[in-house]
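J.: Input: one structure, supplied below.
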Amino acid sequence: MNNILLSINITLMYSAPLILAALGGIISERSGVVNIGLEGMMTIGALVGAVIAYYTQNPWLGFICAGLAGCALAFLHAIASIKFKADQTISGLAMNFIGPGLSLFICKALFGGTNTSPTVTNKIPKILSWMQNPNKNIWTSNLNVDSTILIALLLTFAMWYFLYKTKLGLRVISVGENPKAAATLGINVHKVRYFCVLASGFLAGIGGASCSLAIISVFSPTVISGKGFIALAAVIFGKWTPQGALGACLLFGFAQSLVVLLGGNESIIPSQFLSMLPYILTIIVLVLFVGKSVGPKASGEPF
Amino acid sequence: MNNILLSINITLMYSAPLILAALGGIISERSGVVNIGLEGMMTIGALVGAVIAYYTQNPWLGFICAGLAGCALAFLHAIASIKFKADQTISGLAMNFIGPGLSLFICKALFGGTNTSPTVTNKIPKILSWMQNPNKNIWTSNLNVDSTILIALLLTFAMWYFLYKTKLGLRVISVGENPKAAATLGINVHKVRYFCVLASGFLAGIGGASCSLAIISVFSPTVISGKGFIALAAVIFGKWTPQGALGACLLFGFAQSLVVLLGGNESIIPSQFLSMLPYILTIIVLVLFVGKSVGPKASGEPF
Amino acid sequence: MSDIAVEMKGIHKYFGKFCALQNVDLTVESGTIHSILGENGAGKSTLMSILYGLYKPEKGEIFINGKKAKIENPSDAIKLGIGMVHQHFMLVENLTVTENIILGAEITNKFGIIDMKRATKAIKELSEKYGLYVDPYAKIEDISVGMQQRVEILKTLYRGADILILDEPTAVLTPQEILELIDIMKRLINDGKTIIIITHKLKEIKQSAKYCTVIRRGKLIDRVVVDDLSEEELASKMVGRKVNLHIDKTKADPKDVIFSIENLVVKDFRGLEKLKGLNLEIKRGEIYGVAGVDGNGQKELIEAITCLSKASKGKIKINNKEIQNTTPKNVLESGISTIHEDRHKRGLILDFSVELNSILESFNKPQFSKKSILNFEAINNFAKSLIEKFDIRPDNCEKTPIRALSGGNQQKLIIAREVFNDPDLLIAVQPTRGLDIGAIEFVHKTLVEERDKGKAILLVSLELDEIMDVSDTIGVIYDGTIVKTLQNDENVTEEKLGFWMAGGEN
Amino acid sequence: GNNSTAQSNSNTTSQVSEQAQTNNQTENKKVDFSNFSTAMVSDIGGINDKSFNQNSYDGFKRLNQDTGAKISYKESQQLSDYKVHFDALRDENVNLIWGIGYLLSSDVVNAAAMNPDQLYGIIDTDLDGKVPNNVIAVDFEDQEAAFLAGYIAANVTKTDKVGFIGGIPGRVISRFEYGYKAGVDYAARELNKKIGIETKYINSFVDDSMGKASALAMYNQGADIIYHASGNAGQGVIEAAKELNKLAIGVDMDQSYLAPKNVLTSTVKRTGDAVYDASYKTASGEHLGGQVLRYGLAKHGVSLADPNENTFNLMPKELYEKATKDIEEMIVSGKIKVPKDEKAYEKFVSEL
Ligand SMILES: Nc1ncnc2c1ncn2[C@@H]1O[C@H](COP(=O)(O)OP(=O)(O)OP(=O)(O)O)[C@@H](O)[C@H]1O
Ligand SMILES: Nc1ncnc2c1ncn2[C@@H]1O[C@H](COP(=O)(O)OP(=O)(O)OP(=O)(O)O)[C@@H](O)[C@H]1O
Ligand SMILES: [Mg+2]
Ligand SMILES: [Mg+2]
């Protein structure tokens, strides 16, 4: 029982940043701009979040600023891929080099040459932080997840509502499916795409900050290490829908929790093997259930 | 003068694995199968190359086996994306997780749990290795590059000739551009794509081996660390042509050599900044000169 | 001349549960042109795809030149001397003409290296023999649609085809190119080839074919000798009821000028002038038809009006309001609705449901969204009303993706949507391209109805018949200007229009 | 404050550690800690990384053999695993939980704050001196071993030019850089000549091509010995030495296996000894929480690699012995104060 709770706790912990970044991936790709640069935007978000929270002692301010930092990087991507119509894959890749490079540079400039930030004392609170001592009780202690997971769940719902129930959402989808048609119908394709790419950067940024302000409480260059790519996989895996990506992220987080719970000295399965489990699981589910891809038609096409 | 030679030496050293992997990317994408999994295929190639060369003392055998190992991983990708029509991006991403995971697993299984292989004593010879002592003279010492660079250059030419002058090359291009059209002319689209993806794995595999058997002479989990992604960028940057990708790889290698030659104690430019130079240079050239992407039309579309 | 080149017997084909072909027979005598006629979605392309090995029938036999044939893939068909020119061209756009033709049957030396010289020579010989002029070195993306079609035909001849299948070859051609194509077909017949042609244009069937097989909803209706029937008789066989090939309409009652273009200049991306000071005026209650050969500025004219491209000079006015160089949205709001030429590219989002497609232009209206939240009930009701009023089939299709509708029904939805906007000016560009006769009748009828309600209508078409049938006023466009404007009455003949369209003076 | 406490303990601990190592033969296993249990959370490399984690776990195993203490470990695959492992260990009734590597420091500190009754240890950082009461911080005087490396390099160089290649610049790598430089300068003064030092940072701990390229450039510019502190990227440095038949000095562990004829020596960090020592003392009832235990040459926390069959072909035996005896003694006794950052280094040079 305790193990089940712990496993839920770990699953949620792992999924929160993935969900946030995946939502970013969804909104960008839904508008027709491939965003491979999630990883880089998450990294800069992780740095800026930690830095601001460290200086101001306000984790929420750090969280928001992380989103803005992600936006800033996304703006570069938007300029390159929307205005200059550069190849979106390569521009996204460039973000993945620039994001971590810049983060490291800023980190060193601020903290006397070290590549990790000082520890943030005021991290993002857990959901049960109003309770006296939630850690005392093994139940509450395991249910006491980061508030970022709550935010991620709320934003998933919001994104679903936005895409399928609002005017702007309809425009986003139509721009991603057939930008020419959208343009003839009076929609400003470039404006919609800029908006979506920036939103994507914001979401990836707070996804990054939820690593450096909730899961751990420092920035270090390896804090993201691949989460952006996993989020990207979740986007595709979830067929470009918020609910699908949520499922994919949770599945992935769950596989990770299995790795952690099964691993250790007495485990019969070698840990390298265990650590491949999430990916193997992912590809199996992919091949078995997902079948043909159904991405936005105009994804990747400049307009 | 000496610096120029050195810069050529470093440029070539950096580019060799990139060129090989980029050629792999080209043949796969030209046939319409996106291969983001280059990184993973390079890693398994680097491992198998080092292992076989270590046990047999024959670096060339290791080199070939590395190619075959890349093939094996590519076969998974081919099955997923051609037979099961899975999303190619996600299947490629999965390769990038499976490749390194599997490599580490094999390495640990073979070498008593360590994650680096023993040093390979017989590495791939340098081009001037027939000379008495090429290192004596600073000229010959700097011109004495790895034979892998020679192989990379030859294969670039071969790929160009293959794509543009041969029957099979014409079929590859047509399958990547318009698989339906090719099919109506009696071309077996699936067969062509299998062939190309396997060839892609082979090239990425030997690209990986050229890291672990020429640049250094051990396998370690970090030996590839991003080269596959840079090769991918070079494919796009070089507009999916062998000669273009060659240019992109050389440009990248050259930028790296600048970083080495400009850095040092007396350098005025901070080293963090210098190390971002190759990526910044690449994206600037991209935005200025390349403009709209011109990838194969059916790239990424299952058939 | 009586031996049989192709015989298909009792063909059944199912797509899932849907029966696309039911017990269809086809007999084609060698050395003849045989036409296949049928509505959109009748199963013509499917039947031909079976003959070419692209689909496998559930039941049925095929005989080629009297011998039972097993055709499992295109290679088998090619070996049996069958060649097919597909409805949507099967060309690799960034390869050259030669490369496209030899693809899959390359001329090589013994090392697999392509011998371009020999290949080019072979193609030149072929193209001279049949008068199919092409530039072997040109890239497909750089040549005209007509030339692309010749490449497609050459592709089949190069493989030694004796039986040629042409699936709607004329849908994308200009009148001139159609005449040339008919010429070429006759030359091929004289050379002993057999041709099966699918077309919706009865005139072409009358001009070229000897026999005609009529299919309706997957069933064989009749096999007739073309010369025995009139166009009207053919049409009613196909649709299953009597159709009017020529629209009944009353004389126009034009009122004040509502839309005008003054001295419009538009440049293309290279900076060349494509419109060179074009003028036109359209009145309420009139259909203004723009006649012209493709490429004389029609595309640029429409894009300039709808603000999809920039006008470098001149004015475009509706209701005395200038709209040039604003936004597509402004154009819409100023009272102009457009039925675009390529419905897949411009008008529809194929994976959206019918109901979403029906409100793409109007989801801003308070009726469909409040505080930027969409009102799905209203949207659904609206789509239902359009489906009913415009007889969009199948019924109750408002939730299905529009991709699944036939071309005719897609077009109906677009027209319904644009008409619903209640515009002052309705622009219709090639509104009947690729549609069957029943659908064409409907489109034309709707245009006239809208005119009678007092709308101005701008009709752009490459089909002279359509222009002469429907319009009240005709403007001939040539080289970027309207060179001639005239009332559409008995004095207007095809010859006269053709003369002006080709740049003749007066 | 912490510093002096750690210092005062120093003599006794080094004896314990050395004793423990020889215990196996002498069979005088008097101690019995079978009620004591300790666990470690490894860094991403895993417990067979041929480096810190493996070294630490070896220390664990020795502890188990010598005392019967219960040992266990958790391997991490990514940063976010640390926290999870600490959470899981909390429920397992372990007396002392170790985090191996400075990357785990914030997780150790957080876990310590959440569980005030649980004792933790962290390897390879002094936590900036802010050590919670239930955490033992173990830090290493890397500069001391680097000094010996510099001393040897200066004595072996034939070109009077040596090099240093660092990974990502930072406080820890600075120790290696300035310790090494000080050693070179010290020897140069002894030899009464000028020896140039080239420095390059490659901004990566993994890019072995960059390591190799930088080394090629340095060797080209006349350096004949390069010391690297650049993680896996250093494999490239050693490869360059091998190809050009020059010399390199390894770091963290004995790297001579990479190129036996070209690795002059290595500076090693004996995390296992430190883990052994601190655990042993805790089990014996000492309270080390809140302290920084500094292991330098003195407590055998860092040292030069033991000589192998090639060592004395590459340098005279006397040199190695002089470095590991005389010089080491001077450092241990405080006669030589090895600098660990730029400021201290400048002071060191000016006082030479
Ligand atoms: N691949 C397919 N899968 C499912 N249904 C199909 C497929 N191809 C065709 N159909 C169905 O078969 C029917 C016949 O299609 P076909 O393309 O043969 O029509 P057609 O007579 O060529 O029409 P058109 O004049 O529009 O070209 C259509 O109603 C369509 O719904
Ligand atoms: N692969 C397919 N899967 C499902 N339905 C298909 C497929 N291909 C064609 N169809 C259906 O077949 C029908 C006929 O399509 P087809 O493309 O032959 O001509 P069309 O849509 O009638 O229009 P047009 O004449 O303008 O090409 C349509 O209902 C279309 O949706
Ligand atoms: Mg059709
Ligand atoms: Mg058809």
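J.: Is it the case that segment B:5-19 has a residue that's more than 13 Å from chain D (Cβ to nearest Cβ) and either in a helix (DSSP H, G or I) or aromatic (F, W, Y) (or both)?
T.: Checked segment B:5-19: at least one residue is more than 13 Å from chain D (Cβ to nearest Cβ) and either in a helix (DSSP H, G or I) or aromatic (F, W, Y) (or both).
J.: Which one of these is among the small types (G, A, S), within 16 Å of ligand 2 (Cβ to nearest atom) and away from chain B (no Cβ under 14 Å): C:G16, C:G10?
T.: From the options C:G16, C:G10, the qualifying one is C:G16.
J.: Take C:I50 and decide whether it is within 16 Å of ligand 4 (Cβ to nearest atom), more than 30 Å from B:F162 (Cα to Cα) and crowded, with 19+ Cβ neighbours inside 10 Å.
T.: The answer is yes for C:I50.
J.: Report yes if C:V224 is more than 16 Å from ligand 2 (Cβ to nearest atom) and modelled with pLDDT of 90 or more, otherwise no.
T.: Taking the combined requirement at face value, the residue satisfies it.
J.: Please count how many residues of segment D:88-102 are under 16 Å from D:I122 (Cα atoms) and of a type in the set (D, E, K, R).
T.: Number satisfying all stated conditions: 1.
J.: Now for a different question. Residues that are over 19 Å from the mean Cα position of the chain (by Cα), more than 12 Å from chain B (Cβ to nearest Cβ) and in contact (Cβ under 8 Å) with a residue 12 or more places away in the chain: does segment A:56-77 have at least one?
T.: Within segment A:56-77, one or more residues are over 19 Å from the mean Cα position of the chain (by Cα), more than 12 Å from chain B (Cβ to nearest Cβ) and in contact (Cβ under 8 Å) with a residue 12 or more places away in the chain.
J.: Also, I was wondering about something else. Please name all residue pairs, on different chains or six or more residues apart, with Cβ atoms under 7 Å, provided the first residue is in segment A:211-231 and is within 7 Å of chain D (Cβ to nearest Cβ) and the second residue is assigned to a loop (DSSP other than H, G, I, E, B) and charged (D, E, K, R).
T.: If the second residue must be assigned to a loop (DSSP other than H, G, I, E, B) and charged (D, E, K, R), the pairs left are A:S217/A:K123.
J.: Restricting to helices (runs of 4 or more DSSP H) lying wholly in segment A:166-269: which have 1 or more residues that are within 26 Å of A:S129 (Cα to Cα)?
T.: A:189-210, A:242-262
J.: May I ask you to verify whether D:D81 is within 14 Å of chain A (Cβ to nearest Cβ), surrounded by fewer than 22 Cβ atoms within 10 Å (Cβ to Cβ), assigned to a helix (DSSP H, G or I) and modelled with pLDDT under 85?
T.: Criteria not met by D:D81.
J.: Given C:I163, C:I205, which one is of a type outside the set (G, A, S), farther than 19 Å from C:I440 by Cα and more than 16 Å from ligand 2 (Cβ to nearest atom)?
T.: Sole residue among the options that is of a type outside the set (G, A, S), farther than 19 Å from C:I440 by Cα and more than 16 Å from ligand 2 (Cβ to nearest atom): C:I163.
J.: Assess whether D:S106 counts as being part of a helix (DSSP H, G or I) and at the interface with chain A (Cβ under 8 Å from one of its Cβ atoms).
T.: Here the answer is yes, as D:S106 does meet what is asked.
J.: A further question on this structure: Name the residues in segment C:390-405 that are surrounded by fewer than 18 Cβ atoms within 10 Å (Cβ to Cβ) and not in a helix (DSSP H, G or I), would you?
T.: Correct list: C:D391, C:R393, C:P394, C:D395, C:N396, C:K399, C:T400, C:P401.
J.: To continue, here is another question. Please state which one of D:S214, D:S230 is surrounded by 24 or more Cβ atoms within 10 Å (Cβ to Cβ), within 14 Å of chain B (Cβ to nearest Cβ) and under 21 Å from the mean Cα position of the chain (by Cα).
T.: Being surrounded by 24 or more Cβ atoms within 10 Å (Cβ to Cβ), within 14 Å of chain B (Cβ to nearest Cβ) and under 21 Å from the mean Cα position of the chain (by Cα) holds for just one of D:S214, D:S230, which is D:S230.
J.: Could you identify the single residue in C:E72, C:E99, C:E93 that is more than 28 Å from C:V224 (Cβ to Cβ), more than 16 Å from ligand 1 (Cβ to nearest atom) and in a helix (DSSP H, G or I)?
T.: C:E99
J.: Within segment C:107-123, restricting attention to residues that are closer than 27 Å to C:T194 by Cβ and buried (at least 20 other Cβ atoms within 10 Å of the Cβ), which residue is farthest from the chain's Cα centre (by Cα)?
T.: Ranking the candidates gives C:A119 first.
J.: Still on this model: Return the only residue of C:T327, C:T338 being within 13 Å of C:L425 (Cβ to Cβ) and facing chain A (nearest Cβ under 8 Å).
T.: Exactly one of C:T327, C:T338 is within 13 Å of C:L425 (Cβ to Cβ) and facing chain A (nearest Cβ under 8 Å), namely C:T338.
J.: For C:E7, indicate whether it is more than 28 Å from the chain's Cα centre (by Cα), surrounded by 18 or more Cβ atoms within 10 Å (Cβ to Cβ) and either touching a residue at least 24 places away in the same chain (Cβ under 8 Å) or within 16 Å of ligand 3 (Cβ to nearest atom) (or both).
T.: Taking the combined requirement at face value, the residue satisfies it.
J.: While we're on this one: Only one residue in A:G176, A:G207 is within 10 Å of chain C (Cβ to nearest Cβ) and buried (at least 22 other Cβ atoms within 10 Å of the Cβ), so which one is that?
T.: On the way: A:G207 fails: within 10 Å of chain C (Cβ to nearest Cβ).
Within the list A:G176, A:G207, the selection yields A:G176.
J.: Restricting to segment C:432-467, name every residue that is of a type outside the set (A, V, I, L, M) and within 16 Å of ligand 1 (Cβ to nearest atom). If you could, list the steps in order and put the result at the bottom.
T.: Step one: filter segment C:432-467 for residues of a type outside the set (A, V, I, L, M), giving C:432-434, C:436, C:438, C:441-442, C:444-446, C:449-455, C:461, C:463, C:465-466.
Correct list: C:T432, C:R433, C:G434, C:D436, C:G438, C:E441, C:F442.
J.: Still on this structure: Looking at C:K56, is it within 16 Å of ligand 1 (Cβ to nearest atom), out of contact with any strand residue (DSSP E or B) (no Cβ under 7 Å at 6 or more places or on another chain) and among the basic types (K, R)?
T.: Taking the combined requirement at face value, the residue satisfies it.
J.: Something else about it: For C:K389, are the conditions met, namely being within 16 Å of ligand 1 (Cβ to nearest atom) and away from chain A (no Cβ under 14 Å)?
T.: On the way: within 16 Å of ligand 1 (Cβ to nearest atom): no; away from chain A (no Cβ under 14 Å): yes.
For C:K389, the condition - within 16 Å of ligand 1 (Cβ to nearest atom) and away from chain A (no Cβ under 14 Å) - is not met.
J.: Do we have D:Y180 as crowded, with 20+ Cβ neighbours inside 10 Å, under 25 Å from D:V338 (Cβ atoms), among the hydroxyl-bearing types (S, T, Y) and more than 9 Å from chain B (Cβ to nearest Cβ) here?
T.: Spelling it out, D:Y180 is indeed crowded, with 20+ Cβ neighbours inside 10 Å, under 25 Å from D:V338 (Cβ atoms), among the hydroxyl-bearing types (S, T, Y) and more than 9 Å from chain B (Cβ to nearest Cβ).
For (1) of a type in the set (S, T, Y); (2) within 16 Å of ligand 1 (Cβ to nearest atom); (3) not in a loop (DSSP other than H, G, I, E, B), each residue gets a yes or a no:
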| position | (1), (2), (3) |
| --- | --- |
| C:Y133 | yes, no, no |
| C:P136 | no, no, no |
| C:E141 | no, no, yes |
| C:M147 | no, no, yes |
| C:R150 | no, no, yes |
| C:A161 | no, no, no |
| C:V172 | no, yes, no |
| C:E180 | no, no, yes |
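J.: Testing B:F162 on (1) modelled with pLDDT of 95 or more; (2) touching a strand residue (DSSP E or B) at 6+ places or on another chain (Cβ under 7 Å), one condition comes back false. Which one is that?
T.: (2)
J.: What is the residue count in segment B:145-173 for residues that are out of contact with any helix residue (DSSP H, G or I) (no Cβ under 8 Å at 6 or more places or on another chain) and either more than 10 Å from chain C (Cβ to nearest Cβ) or farther than 16 Å from C:E99 by Cβ (or both)?
T.: 3
J.: Here is a further query. Can you report the number of residues in segment B:205-243 which are at pLDDT 90 or above, small (G, A, S) and under 29 Å from B:N3 (Cβ atoms)?
T.: 6
J.: Further, regarding this structure: Sort out for me the strands (runs of 3 or more DSSP E) sitting completely within segment C:442-506 that have 3 or more residues that are surrounded by fewer than 18 Cβ atoms within 10 Å (Cβ to Cβ). It would help to see each step written out before you state the result.
T.: Details: elements: C:456-460, C:473-478, C:481-487.
In segment C:442-506, C:481-487 are the strands (runs of 3 or more DSSP E) which contain 3 or more residues that are surrounded by fewer than 18 Cβ atoms within 10 Å (Cβ to Cβ).
J.: When you scan segment A:96-118, how many residues do you find that are under 30 Å from B:G25 (Cβ atoms) and within 9 Å of chain B (Cβ to nearest Cβ)? It would help to see each step written out before you state the result.
T.: As a first pass, look at segment A:96-118 and keep what is under 30 Å from B:G25 (Cβ atoms): A:96-105.
Next, only the ones that are within 9 Å of chain B (Cβ to nearest Cβ) stay: A:96-98, A:101-102, A:104-105.
Total satisfying the criteria: 7.
J.: Just one of the numbered conditions (1) within 16 Å of ligand 4 (Cβ to nearest atom); (2) charged (D, E, K, R); (3) under 27 Å from C:N65 (Cα atoms) is not true of C:K201; which one?
T.: That leaves (3) as the condition not met.
The values are calculated or read from the model by the stated rules, or taken from the named source; none is laboratory data. Just so you know, these numbers come straight off a predicted model, no measurement behind them. For neighbour counting, all protein chains shown are included, and Cβ atoms are generated from backbone atoms with ideal geometry for every residue, glycine included.
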